[in-house]
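Peer 1: Provided herewith is a single structure, encoded as structure tokens, for subsequent inquiry.
The values are calculated or read from the model by the stated rules, or taken from the named source; none is laboratory data. From a predicted model like this one, the values you see are computed outputs, not experimental measurements. Cβ placement follows ideal geometry from the backbone for every residue including glycine, while neighbour counts extend to all protein chains displayed. When the accessible area is computed, the model is the full protein with side chains, heavy atoms only, and any ligands, DNA or RNA have been set aside. Shrake-Rupley method; radii C 1.70, N 1.55, O 1.52, S 1.80 Å.
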Amino acid sequence: MQREEAGLRIKELQNQLHYYNEQYYQHHNSVVSDYEFDQLLEELIGLEAAFPEFRTPDSPSQRVGGTITKEFPTVYHRFPMLSLGNTYSEEELQEFDARVAKALGSEAYEYFCELKFDGVALSLTYENGVLVQGATRGDGVRGDDITPNVRTINTIPLRVNAQGMPQTFEVRGEAFMPLSSFTRINREREEKGEALLANPRNATSGTLKMQDSAIVAQRKLDCYVYSLLSDQLQLNTHADAIALLEKAGFNVSPTYRLCRSIQDVIKYIEEWEFKRTELPLETDGIVIKVNSLAQQSRLGFTAKSPRWAIAFKYKAKSVATQLNDIEYNVGRTGAVTPVAHLEPVLLAGTVVKRASVHNANFIADMDLRRGDTVYIEKGGEIIPKITGVEFSKRKPDSMPIVFPEHCPVCGTGLVRKEGEAAHYCPNERGCPPQIKAKLEHFIQRRAMNIEGIGERTIEQLYERGLVHTVADLYKLTYDEVFALEGFKELSTQNLLAGIDQSRQAPFENVLFGLGIRYVGRTVAEKLARSFGSIDRLAQASFEELISVPEIGERIAQSILDFFSQPEHKQLVQELKDAGLQFETTKQAEAPADGPLTGKTFVVSGVFANYGRDEIKEVIAQHGGKVTSSISSKLDYLLAGENMGPAKKQKAEAAGVSIITEEEFRSMIGIES
Ligand code: IVH
């Protein structure tokens, strides 16, 4: 395509995608299918990569990220980003109102109330209607310029063209991780055995500081805006500013309210105390602002915060109760989890009897003792947490809780791996709760999907010595099952038929069912697809394992550990003999005669047409192999944008060919 033609097409695509984005994110209107949208976006990204001079800062291609920032530049805020004074009671609020009334003399005034969003404050600068900078609050005077990451937030307009909106202005708001994204990400992380994100606010701030904006884009952050600053504006009230922001397509939470008096404000606070828990994000209070901008400037600021605004913080609901005992549960992997047994108490509508106490460190740090009066709160989690001890009520003869040294069930000495907080019972094959939990894991729907076996049946099968490993299930006879409590002819037949049918369950289900640590369902699917059979997986080296997209070092090590143990090899053999599927049926393995067969690649940098995992898969689909280390045995270093100079030097020294994305594409038959 000629340069001129490309320029026109890029402009056209940018406008079209802007329009679709605006319709979708501002008017909740899907004009095109996701597929069509992605096709157009892909075309735009491809063209911009070939003709980068047409890539503008407000191009919709910026939404998908791909920029790597090693260090974020520091930027000074034009107006300092202050914080708010806090109040916790109606009295304190009345005092704030009295101060406002006094300062304004006899003038009438109104308040504008908003929720206090619990995320990370952002400053967004627009010049000539285009978003040119997104920065964090930092210390209030200067923050980090995180523009590429901010551009990935879909509800922040990249360009604005609304009547009444000045050309140059600054918008402030709160970036947040919607609770739905937070739970999804943590579920995925749990499956991969990665550390969980502590709470949505930390998750947001961690995400915004990531170096690779493509990952930020996947995290699906959102942003509510709450103020508009500009020298070129003549507005009378904060309500006017909010209305203008809404009109210009910014995301304003519809939860605000104009209140005529402090009594109205109190009503608003009461109304939102419970309703706020139904919102898609975490909030920790209410922000109350004097509505008139002229009055705001008369009230002015203290050194830290405005006199015209204040935050009201909701108290987390907390009650005191007695800690009766600590119970230690042993899970499938042998991890020993302590759980607090409490004197039952009513908290936010439910009776609470248990609370999580996580691990030995938590118990020691809190200095928990049996008989203590403890405070419990409900956070985002379903199980309440212990937040403190009432030391004034401690019994003089109480003793610190000592974490057991032996497994509470089988008595084996517990071990603690370096760098891990949990204690483990290493008696994998002899510890009853571990064995039973392994069986339960194996039969579940997402694994072997064996119907007709419940927890009670597993209990019986184990107690009667019929089943010790999952392979024993396939040796059960009719008479053995029929003899179990509660089993008749039909239920016996059903159970045996369920076990028999599970022999057809696909390889990825079997692999997941084996319960290898950190191999969750998604990881099992990826491994099954990449290796195609248990034998190939069992023989894979650390290097080969980590070259699979999304398989990290921790998972790789766990797989190596699993297959290094003779009893696991024996288990797999017994299951093979029982007729289970240990190979993928779909031929996902590398073709023997693809254009890249026999060639090895190291992939580095960012690509215009592919995500990093995607390009690895494309290589594999065409017969190539991806590794992670550069040596003279390597065939190609596939270099994207922003590849580190060290890799390049190393490849040059080793005599490895360095190829561009375009060259790679022509190798697999795609001409740009
Ligand atoms: S207005 C002078 N409105 O709270 C500060 N802030 O403690 C004016 N926040 O840094 C800020 N929701 O990150 C305002 N509706 C809201 C808010 C809000 C959350 C955060 C913001 C700010 C902090 C102030």
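Peer 1: How many Å² of accessible area per residue for the chain, probe 1.4 Å?
Peer 2: Numbers: 33920 Å² over 672 residues.
Per-residue value: 50 Å².
Peer 1: I would also like to ask the following. Greater than 29 Å separation of Cα atoms is the criterion. Which listed pairs, Lys102/Lys304; Lys275/Lys304; Lys192/Lys317, meet it?
Peer 2: As for pairs spanning more than 29 Å Cα to Cα, those are Lys275/Lys304; Lys192/Lys317.
Peer 1: Of Lys289/Lys378; Lys116/Lys247; Lys220/Lys648; Lys220/Lys436, which sit over 31 Å apart, Cα to Cα? Spell out each step's value before the answer.
Peer 2: Details: Lys289/Lys378 29 Å; Lys116/Lys247 22 Å; Lys220/Lys648 33 Å; Lys220/Lys436 39 Å.
In this structure, Lys220/Lys648; Lys220/Lys436 lie more than 31 Å apart at Cα.
Peer 1: Local charge sum around Val606 (other residues, Cβ-Cβ under 11 Å, Lys/Arg +1, Asp/Glu -1)?
Peer 2: Values: positive: Arg612; negative: Asp212, Glu641, Glu661.
The answer is -2.
Peer 1: OK, next. Pop a pseudo-label 7 angstrom from the Cα along the beta-carbon direction at both Glu246 and Lys70 and give the gap in nm to one decimal.
Peer 2: 4.7 nm
Peer 1: What's the extension gain from Arg189 to Lys599 if we count 0.36 nm per residue and subtract their Cα-Cα distance?
Peer 2: On the way: separation 410, 0.36 × 410 = 147.60 nm, distance 3.23 nm.
Gain in length upon complete extension: 144.4 nm.
Peer 1: Can you find, among Thr350, Ala340, Phe442, the residue sitting farthest towards the positive end of the charge dipole of the range 328-443, where Lys and Arg contribute +1 and Asp and Glu -1 at Cβ?
Peer 2: Phe442
Peer 1: A further question follows. For Pro166, what is the net charge nearby, where nearby means another residue's Cβ is under 11 Å from its Cβ and Lys, Arg count +1, Asp, Glu -1?
Peer 2: Working: positive: none; negative: Glu127, Glu170, Asp231.
That sum, taken over residues with Cβ under 11 Å, equals -3.
Peer 1: For a protection proxy built on the mean count of beta-carbon atoms within 10 angstrom, sort 79-91, 161-173 highest first, please.
Peer 2: Working: 79-91: 14.0, 161-173: 16.4.
The densest-packed peptide leads the list: 161-173, 79-91.
Peer 1: Nearest 500 deg cm²/dmol is fine: what mean residue ellipticity at 222 nm does the chain get from its DSSP H runs of n ≥ 4 alone, each adding -39,500 (n - 2.57), divided by its residue count?
Peer 2: Values: 24 runs with 246 residues, N = 672.
The helix contribution divided over the chain gives -11000 deg cm²/dmol.
Peer 1: Compute the distance in nm between two label points, each set 7 Å from the Cα along the Cα-to-Cβ direction, one at Lys102 and one at Ala316.
Peer 2: 3.5 nm
Peer 1: Residues of the range 391-427 with the amide nitrogen closer than 15 Å to a label point 7 Å from the Cα of Asn202, along Cα-to-Cβ, please.
Peer 2: 421
Peer 1: So, one more: Report, in whole Å, the centroid distance computed from the Cα atoms of the range 15-63 and the range 412-450.
Peer 2: One Cα centre to the other: 48 Å.
Peer 1: Moving to a separate point now. For Gly371, what charge total do you get from the other residues with a beta carbon under 14 Å from its beta carbon, if Lys and Arg give +1 and Asp and Glu give -1?
Peer 2: Details: positive: Arg369, Arg370, Lys393, Arg394, Lys395; negative: Asp325, Glu343, Asp367, Asp372, Glu390, Asp397.
Around Gly371, the charge tally is -1.
Peer 1: So, in nm, how far is label Lys633 from label Ile215 when the simple model puts each one 7 Å beyond its Cα toward the Cβ?
Peer 2: With each label point 7 Å from Cα toward Cβ, the separation is 2.8 nm.
Peer 1: Right, here's the next one. How far, in nm, would the chain grow between Asn128 and Arg521 when pulled straight, counting 0.36 nm per residue and subtracting the alpha carbon separation?
Peer 2: Details: separation 393, 0.36 × 393 = 141.48 nm, distance 4.87 nm.
Gain in length upon complete extension: 136.6 nm.
Peer 1: With an 8 Å cut-off on Cα pairs and a minimum separation of 6 or more residues, tell me the relative contact order of the range 122-190 in percent. Mind dumping the intermediate values first?
Peer 2: Details: 80 pairs, mean separation 24.2, N = 69.
With pairs under 8 Å counted, the relative contact order is 35 percent.
Peer 1: Let me cross-check Lys648: its accessible surface, 1.4 Å probe, with only protein heavy atoms counted, in Å² to the nearest 10?
Peer 2: Taking all protein chains as shown, Lys648 has close to 90 Å².
Peer 1: Could you list, by residue number, the cysteines of the chain that have no other cysteine's beta carbon within less than 4.7 Å of their beta carbon?
Peer 2: Flagged as lacking a Cys partner: Cys113, Cys223, Cys259.
Peer 1: Going by the alpha-carbon gyration tensor, a ≥ b ≥ c the square roots of its eigenvalues, is the range 243-329 rounded (a/c under 1.5) or, if a/c is not under 1.5, prolate (a/b greater than b/c) versus oblate?
Peer 2: Prolate.
Peer 1: Set the Förster distance to 45 Å, then compute FRET efficiency between Ser564 and Ala6 from the Cβ-Cβ distance, nearest 0.05.
Peer 2: Computed FRET efficiency for Ser564 and Ala6: 0.25.
Peer 1: Sticking with this structure for a sec: Could you look at the chain and say what percent of its accessible area is carbon and sulfur, using a 1.4 Å probe and all protein chains? Mind showing how you got there, number by number?
Peer 2: Values: 16680 of 33920 Å².
Carbon-and-sulfur percentage of accessible area, whole number: 49.
Peer 1: Lys475: which lysines have alpha carbons under 16 Å from its alpha carbon, excluding same-chain residues fewer than 8 sequence positions away?
Peer 2: Lys576
Peer 1: What residues of the range 326-368 lie in the reach of a label at Cys410, counting those whose backbone N is under 14 Å from a point 7 Å from the Cα along Cα→Cβ?
Peer 2: Flagged as within label range: 330-336.
Peer 1: State whether the chain is rounded, prolate or oblate according to the following rule on the C-alpha gyration tensor (a ≥ b ≥ c being the square roots of its eigenvalues): a/c under 1.5 gives rounded; otherwise a/b larger than b/c gives prolate, and the remaining case gives oblate.
Peer 2: Details: a/c = 2.28, a/b = 1.21, b/c = 1.89.
Taking the square roots of the gyration eigenvalues as a ≥ b ≥ c, the chain is oblate.
Peer 1: Gap in Å between the Cα centre of the range 171-220 and the Cα centre of the range 534-596?
Peer 2: First find each Cα centre; the distance between them is then 30 Å.
Peer 1: Continuing with this model, one more query. Using the Karplus curve 6.51 cos²θ - 1.76 cosθ + 1.60 with θ = phi - 60°, what ³J(HN,Hα) values do you get for each residue of the range 304-317, in whole Hz, with x for Gly and Pro?
Peer 2: Here the 3J(HN,Hα) series is 10, 8, x, 7, 8, 9, 8, 9, 10, 9, 6, 7, 5, 5 Hz.
Peer 1: Where both residues lie in the range 552-672, what percent of DSSP beta bridges are antiparallel, nearest 5? Provide the component values of the computation, followed by the final result.
Peer 2: Values: 1 of 11 bridges.
Expressed as a percentage, antiparallel bridges in the range 552-672 total about 10.
Peer 1: From the phi of every residue in the range 151-166, what ³J(HN,Hα) in whole Hz does the Karplus formula 6.51 cos²θ - 1.76 cosθ + 1.60 yield, where θ is phi - 60° and glycine or proline is x?
Peer 2: 5, 7, 7, 4, 8, 8, x, 7, 9, 10, 9, 10, 5, x, 8, x
Peer 1: With +1 on the Cβ of every Lys and Arg and -1 on the Cβ of every Asp and Glu, and nothing else charged, how large is the dipole of the chain about its Cα centre, in debye rounded to the nearest 20? Could you put the intermediate results ahead of the total?
Peer 2: Working: 76 positive and 93 negative charges, 245 e Å.
Dipole magnitude for the chain comes out near 1180 debye.
Peer 1: Provide the gained length on full extension for the span Gln39 to Leu346, in nm with one decimal, where the gain is 0.36 nm per separating residue minus the Cα-Cα distance. Spell out each step's value before the answer.
Peer 2: Numbers: separation 307, 0.36 × 307 = 110.52 nm, distance 5.41 nm.
Separation in residues times 0.36 nm, less the Cα-Cα distance, equals 105.1 nm.
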